[in-house]
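The structure appears right after this line, and notes come after that.
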Amino acid sequence: MWESVKLAGKTCHIMRSGEGGPVFLWPFYPHEGGELERLEAALQKALSGETAAGYTVAAWQVEDWNRDLSPWEAPAAMGDGCFAGGAPAMLAWLTGEFLPELKMRNPGDAGCYPMGYSLAGLFALWSLYEADCFAGAVCCSGSLWLDGWDRYAAEHRIKSPADVYLSLGGREEKTRNPRMARVGDRTRSQEKLLREDPQVRSCILEWNPGGHFADSAQRLAKGIRWVCRER
């Protein structure tokens, strides 16, 4: 069950399973509503019958998806929209305000893992390159097609020892949109870079059936399961 609390000026939704374990930091945007409930159901199914370590999911709603989670200004995938490059401000809030308050409520938890889907997945991965306080990340169907991401990832290294989970839908690169079509090659290259990074303890790229908008909760739940097993 989710518990809603006020942390660092935002309403945060916390779900705990067992004691201790990793903490998953999840910025979400309720595109269709019910995202919290869908993740909870997916986790119950993914971890059914397993004796898994405890874990915590701490989720908060993102106010402006394209602004708050994009690391720099860039064209959006479709239409006339654009990414505004507000991720540095979001990361500063996350590390400087949110995490200290969360840790006061949850002493003894082991390692924090940003996680997310789509642009939030990119934000989770990018956070490992920018901050040294995370133990890894869960990046599901991450927007690695973002202009400039390939160059950024090639020129940077993960800041601290990390376990990284990547996943992608098999049909995501099979699109007529030339910008989004490069997500498959970008994600494969990302896995290679991570495996070569001395700070990365373990890394996996898992392929799922379907396109970008299929089974987001199930894909996130699989990432949480993998991290809990790795630890």
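Of note:
- Region 168-231 and region 112-166 have Cα centres separated by 11 Å.
- Against the main long axis of the alpha-carbon atoms of the chain, helix 35-46 sits at an angle near 80°.
- Label-point separation in nm, Ala110 to Gln44, each point 7 Å along Cα→Cβ: 2.6 nm
- Cα long-axis angle, helix 119-130 against the chain (0 to 90 degrees, to the nearest 10): 80 degrees
- Sequence-distant contacts, meaning Cα pairs under 8 Å at least 6 residues apart, place the relative contact order of the chain at 19 percent.
- Long-range amide H partners of His156 with built H, under 5 Å: none
- Only beta bridges with both residues in region 3-230 are counted; by DSSP, about 35 percent of them are antiparallel.
- The count of lysine pairs in region 3-230 that are at least 8 places apart or cross chains, and whose C-alpha atoms lie under 21 Å apart, stands at 6.
- Label point at Glu130 placed 7 Å out along Cα→Cβ; residues across region 89-112 whose backbone nitrogen lies under 13 Å: 89-96
- In region 3-230, a dipole from Cβ-located charges (positive for Lys and Arg, negative for Asp and Glu) runs towards its positive end, and of Leu168, Phe123, Met78 it is Leu168 whose Cα lies farthest in that direction.
- Prolate/oblate/rounded label for region 3-230 (Cα gyration tensor, a/c 1.5): rounded
Just so you know, all these numbers are worked out from the coordinates, no wet-lab data involved. In this text, all values refer to a predicted model and were calculated from it rather than measured experimentally. FYI the Cβ positions are ideal-geometry reconstructions off the backbone, even for glycines, and counts take in every protein chain you see.
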